[in-house]
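Right, one structure below, let's go through it.
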Amino acid sequence: MYTWCLNLRGQREVELNPIIRRELLAALRSQKSVVLLTAVAVVFSLLVIFRWPAGDQVDLSGALSQQVFRVFGYGLLTTLVLMAPAFPATSIVRERTQGTLLLLLNSPMPVSRIYIGKFFGVSGFVLLVLITSLPGAAACFAMGGISLSSGLFALYSVLLLVVLEYTTVALFISSLAKSSDTALKNTYLLVLFIVVVSLGPHYFLQGQAGSLAVFADWLRNLSPVPAVMQVLGQTDVGSQGLISSSGAVWRFTVLSLGVSLAAIGLTVSRLNYRIFDRTRSQGMITNEQELSTRVARRFLYLVDPNRRKAGIPMFVNPVLVKEFRCRRFGRLHWLLRMVFLCAILSLGLTVVATTGTISWDVKTIGSILVVLQSALIVLITPSLASGLISGERESGGWELLQMTSLGGVRIITGKLMSVVWPVLLILCATLPGYGVMYWIDRTLKDQIIQVLNCQLLTALLAVSVGAAVSSLFRRTAVATTVAYALLLTICAGTMLVWVARDAPFGPRIVEAVLRWNPVAAALAVNETSGFETYSLIPQAWWISGALSAVLLVIFGVQSWRLARPQ
């Protein structure tokens, strides 16, 4: 019997994909993973315990259990959105940078088995998070009023599709990226677009006729939020809500499966020896071209990326110039192109609204500008700021900076200003649109100033979060993940409480939570539909300013400590 058990155990070890064991065990051996799984189980259990009926009173209508179930569902969705892309985004690119991907491709394992091992290995930890939430889900079901098939089963089916889609998309981006931090940045940018930005067009185009409105209706079903809201019994959030029709679950199912299958096919096609091929441009220097070419490029490009750079003046911080010229993401010429594109878009929106092409009022245009500007800040700022200190420490450049004649204060200020200037450019992107709004209605002066103050605090908070996290972590990939998680929790996670307003969250709770979100404050000042009843100013300014000050102090103290001679 003992020999038979040993043989059976040996057969199972042989049959089990070794990549699954390596990836999953590497994640579970970390103490942070154990703490995270325990915290998820405790938090979701406490959500139910705190709302459990006291004494002999039982809610026969099931309204209380439905409210608890909504909090449970939204909290679990937020946790998965923040956690699901983290592990797969670095899986393949880490293998390539360490040199083990070539060994995998040379092994007898077929490519399909390598991908299956990667998929289940990196998604296993997220699936464990779902498993640890089952006691809380069982308690919600025991309270009554929740259907097992259309409630719990439907919710976990949607969440499994979220894990499937984000894992496959993150693995595809990991196969394209050249470094772990780049993979994380691009993955979280795409996830933020899918979850939040895809809801925007339908929010403003709902109720209108035409192919553009139909496209916006399908686009918003890329996000899991409409499907989860339908499962939780919220099929409408008012006349201007994000959800206004049924069928969100099956639409999300079709779109998520389509995106997942496309990502799987593209990733498997890249898992071969061609993944190591990197085509490099021969390069071109504008100063060495013909006179006509040089004149044409001076007209076409305000900042020519192929022009030979001039020397650094004495009054300019060399660390600032080094950041602009060396980092791959956030180069000045790309930022200027993006700013001009957003400026043209903002002017176009105001023009089509004022000429009657689209039946939008000034408040609707202002809301679109707020969403556009906030999305740019949240998408770009963490990727720029999360590698300020951690990137130098990881690559060994921090020691080289300490060997220079530059003082610690000049190094730190140069690093910080390399993020501040691009963010200021982003803030200027929608100023033409606000200028047209003021020209249309001069009474909006105070409102526009308050909205711009909220956007300025949003940018300050984003820079502070990224800088503080960068000084606390040594690896850029970890710092990027934490920075995006914190900023998305503040700017997007709090919006889930607003989505669940009146059931189960009351007006006071929603208003207290939204005061931590400067984006919500800007929407409230602009009297956007759904936010006009909340008074968030000036409390939101004080909270965002105080939080940014604390984070900047942490960044300064930690950077000063690292800049001291060892």
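Some points to look at:
- Each peptide in 253-263, 79-89, 213-223 gets a packing score, the mean of other Cβ atoms within 10 Å over its residues, and the list from highest to lowest is 79-89, 213-223, 253-263.
- With the highest mean first, a sort of the peptides 514-521, 403-410, 317-324, 33-40 on other beta-carbon atoms found within 10 angstrom per residue produces 514-521, 317-324, 33-40, 403-410.
- Estimated translational diffusion coefficient (Stokes-Einstein, Kirkwood radius over Cα pairs, 37 °C, 0.692 mPa s) of region 359-455: 206 µm² per second.
- Volume of the Cα convex hull of region 411-566, divided per residue and given in Å³: 120
- Taken one residue at a time, the phi angles of region 510-516 give Karplus couplings (6.51, -1.76, 1.60, θ = phi - 60°) of 4, 5, 5, 6, 5, 5, 7 Hz. Gly and Pro are set to x.
- For region 74-123: span of alpha carbons on each principal axis (Å, largest first): 44, 21, 9
- Full-stretch length increase - Thr38, Ala296 - with 0.36 nm per residue and alpha-carbon distance subtracted: 86.7 nm
- With 28 Å as the limit, the listed pairs Lys118/Lys415; Lys185/Lys415; Lys185/Lys445; Lys178/Lys415 have Lys118/Lys415; Lys185/Lys445 beyond it between alpha carbons.
- Note on Arg274 and Leu424: their simple-model spin labels are 4.6 nm apart, each label 7 Å out from Cα toward Cβ.
- Annotation: extensible slack from Ser405 through Leu148 equals 85.8 nm (criterion: 0.36 nm per residue apart, minus Cα-Cα distance).
- Using the Cβ-Cβ distance between Trp439 and Lys322 with R0 = 35 Å, the FRET efficiency computed as 1/(1 + (r/R0)^6) comes to roughly 0.25.
No value in this document is a laboratory result; all are computed from the given coordinates. It should be emphasised that the depicted structure is a prediction, and the values quoted were computed from it without experimental measurement. Note that we place each Cβ from the backbone using ideal geometry, even for glycine, and neighbour counts take in every protein chain shown.
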